[in-house]
Each structure stands twice: as structure tokens, then as C-alpha cells.
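Reading through the C-alpha cells given below for one structure.
The values are calculated or read from the model by the stated rules, or taken from the named source; none is laboratory data. Only a predicted model underlies this, so the values are computations on that prediction, with no experimental measurement involved. Here the Cβ is made from the backbone with ideal geometry for all residues, glycine too, and neighbour counts use every protein chain on show. With ligands, DNA and RNA removed, areas are computed over all heavy atoms of the protein, side chains included. Shrake-Rupley method; radii C 1.70, N 1.55, O 1.52, S 1.80 Å.
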Amino acid sequence: MSRCLPLLLTAMMLLAPGATFAQDAGDPEVAALRASFEYGKYAEVMDRAASRIDRGGLDEDDLAELHKLAGLAAFNLGRTDDARRHLRALLRLDPDFSLDPFVVPPPAVAFFDTLKEDMDTELDFLRQERRLRQEREKAEAERRERERLEAEVQRRRAEELASQVTVRTVEKRNFLVNFVPFGAGQFQQGRTSLGIVFAATEGVLAVTSIISFFAYEGLFEERTIDLDNVLAPDGRASVTVRYIPTNRARQRDAWQLLKLSSAAGFYAVYAVGVVDALFHHEDQVVRSTVEPRAEQPAEPLPRSTSARATAPKTYTRVGIYPTSGGLGAGLTLSF
């Protein structure tokens, strides 16, 4: 049984790395070194791995793989210092790296765990630094993505602007329109709401004044008075008198007040509207609108020579000629 134990451990060391390093790395030389390790060529693996590491140009995964191969190979050869150096370099690349105890011999796993305990403080610092680096890389990736999206938005906006044209419309306004009642000046200036207010107010006042006028006039009565002893042939004459009866005095006063006040209100509102229109008057107003660019019409295809040759030709001629009685006109059509 004691003789079989060393053979069993040796077989585990030779067969287990084959399961551990089954995944190929990016560098072909790393894959070749992994195959050499599986065949137990530990000295060759150490020398070639150290040489490849010194040449550089490796990504982080391949570099970690080479340090792992060299460290385990050195441990299997009993070269503890070299194993410690390579495995420390592996941990500095990946502070959270660990060996699988189901595929790596227990002595190598125990040696590796001891190294991790010795480097505990350094590994904590490396983990923090790695986390900060990942956060910076994430922030940088987000910044590049934002810049890409902004560039895309700018490109689309430029395409939209390129497909649009700006149309400027010059509107000339008449100065005399400002003196027209019923908000004409405001309507000309595009201030429709205020124009409606002036138009409605002046319209109500004007209608009230007109109704009051006719109502006041309707209060009058006419009466004919006969006069005697006048210088007339027969000594008699008659005079027609318009008057408002005394019993309608209150109506007279009410309608007269309403007529005068509505007329005064109309002219006051009209004056305010004129002043407002004059204050906001502009001789011309320039408006700019953005419209889609009209597509250029496709050029008509040229007609074939045969079509031009066979197409009928029509000539029209109008002539004026003198005649014995004046002038004459004639129309001639030729096919």
C-alpha cells in the first residue's frame, strides 16, 4: 500500500492538469506549453514560460495562464522560490484566483493557499485597485456610449436640416389700417384675441348708441298749431311743432343719457385701439418657416430617334392682311 501511494499521487499530478487546462488560450504558444505540462515536461515548461513572459505582448489571461503553468511546474520540481515567484505574480494579476482542489494535488493547493494568506494585505489593496479600475472602465465605456449616441443624434439632425429649407415671408402692413375701428389694426398685426375684444366692445357700444338714437327720436310727437291775425291773405296760418310730451320726460332723459354715454364709450375705446395699434405698428414683418425640401423632378427620358421621326408635326400661322374695306386676319394650320 505504501508503494502504491506515491504512484497514485504522481498519476494525479500528471492527469489532473489535463482537466484543469483543457480550455485553450488565445496565444498558440500557451496551448503548446499546456500540452507539455500535461506530459510532465516541467523543466521545459518553466524555461519556455519564463522566456515567453519576458518577450511580452500577452493579454492578461494568457499572462496569468503562463504564471500558473510555471508556478505549478516549479512546485512539482521542488523549486519553491520559483514557484512562489510565479504564483505571487498570478495573484497580483487576479487577487481572487484559486486552484480547484478536485483537479490540483492537495500539496500544491495548500502551498497556494499559504501564499494567499501571506499576501492578504496586498491582495486586499489589489482587489480595491482592481474594483476602481473596473469602475473607471465602466464609466469610460458609458461616456463613449453617450458620445456615440450624441454623435448619432447630431448626424440625424444634420440630415433633417439638410432635407429642409427655410422660407422667409415678408409681410408689409398698411399704416392707415391702424385708424380703422373694430380692431382692424390689431387683426393686421396678428393679435387676434385683442382685436376680437376691441371689435366686440366697439360693436356693442355702436349698436347701443344707434338703438338709443332711434328710441330717443321715437319719443317726439308732431302737432299743428293754427295761428290767427298773421300777415296772410286770409289772416290765418298753421305751424307744425315737434316735441316730447311732458309725461315722457323720464324716458327722454334715460335714452339721451344712454345715447351720449354709449357714443362717448365707443370713441374712447376706438381711441385706445388706435393708440395701441400705432404703438405696435411695424411697416414690415419677416417670418421664417422650415419646410421639407421639394424633391427634384426626374428628368424626362429622351425620346428615341424613331419616335421623333414618326411624330406628327403641326405648324400654326396667324396673319393680318389688308382688304379693300379694311383689314383681315387669317389662321393657317399645317399637318
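Here are the criteria: (1) open to solvent by 50 Å² or more (accessible area, probe 1.4 Å); (2) in a loop (DSSP other than H, G, I, E, B). Tell me which single one VAL104 does not satisfy.
With respect to (1) open to solvent by 50 Å² or more (accessible area, probe 1.4 Å); (2) in a loop (DSSP other than H, G, I, E, B), VAL104 is out only on (1).
Enumerate the pairs (first residue in segment 42-55 and more than 13 Å from HIS67 (Cα to Cα) and at pLDDT 85 or above; second residue anywhere and assigned to a helix (DSSP H, G or I) and hydrophobic (A, V, I, L, M, F, W, C)) with beta-carbon separation below 8 Å, excluding pairs fewer than 6 apart on the same chain, so at least 6 apart or on different chains.
What qualifies is ALA43/ALA73.
Name, by its number, the condition in (1) more than 50 Å from the chain's Cα centre (by Cα); (2) open to solvent by 60 Å² or more (accessible area, probe 1.4 Å); (3) touching a residue at least 40 places away in the same chain (Cβ under 8 Å) that does not hold for GLU217.
(3)
Which is open to solvent by less than 40 Å² (accessible area, probe 1.4 Å) and either touching a Leu at 6+ places or on another chain (Cβ under 8 Å) or under 25 Å from ASP27 (Cβ atoms) (or both), of LEU99, LEU63?
Numbers: LEU63 fails: open to solvent by less than 40 Å² (accessible area, probe 1.4 Å).
Every option except LEU99 fails the conditions.
SER288 is checked against (1) open to solvent by 100 Å² or more (accessible area, probe 1.4 Å); (2) modelled with pLDDT under 80; (3) under 30 Å from GLN189 (Cα atoms) and fails just one. What number does that condition carry?
Of (1) open to solvent by 100 Å² or more (accessible area, probe 1.4 Å); (2) modelled with pLDDT under 80; (3) under 30 Å from GLN189 (Cα atoms), only one is false for SER288: (1).
With the checklist (1) out of contact with any helix residue (DSSP H, G or I) (no Cβ under 6 Å at 6 or more places or on another chain); (2) without any contact (Cβ under 8 Å) to a residue 24 or more places away in the chain; (3) surrounded by 14 or more Cβ atoms within 10 Å (Cβ to Cβ); (4) not polar (S, T, N, Q) in hand, flag the one item ARG79 doesn't pass.
In the conditions (1) out of contact with any helix residue (DSSP H, G or I) (no Cβ under 6 Å at 6 or more places or on another chain); (2) without any contact (Cβ under 8 Å) to a residue 24 or more places away in the chain; (3) surrounded by 14 or more Cβ atoms within 10 Å (Cβ to Cβ); (4) not polar (S, T, N, Q), ARG79 misses (2) alone.
Check VAL180 against each of (1) in contact (Cβ under 8 Å) with a residue 12 or more places away in the chain; (2) out of contact with any Leu (no Cβ under 6 Å at 6 or more places or on another chain); (3) closer than 30 Å to ALA199 by Cα; (4) surrounded by 10 or more Cβ atoms within 10 Å (Cβ to Cβ) and name the one condition it does not meet.
(1)
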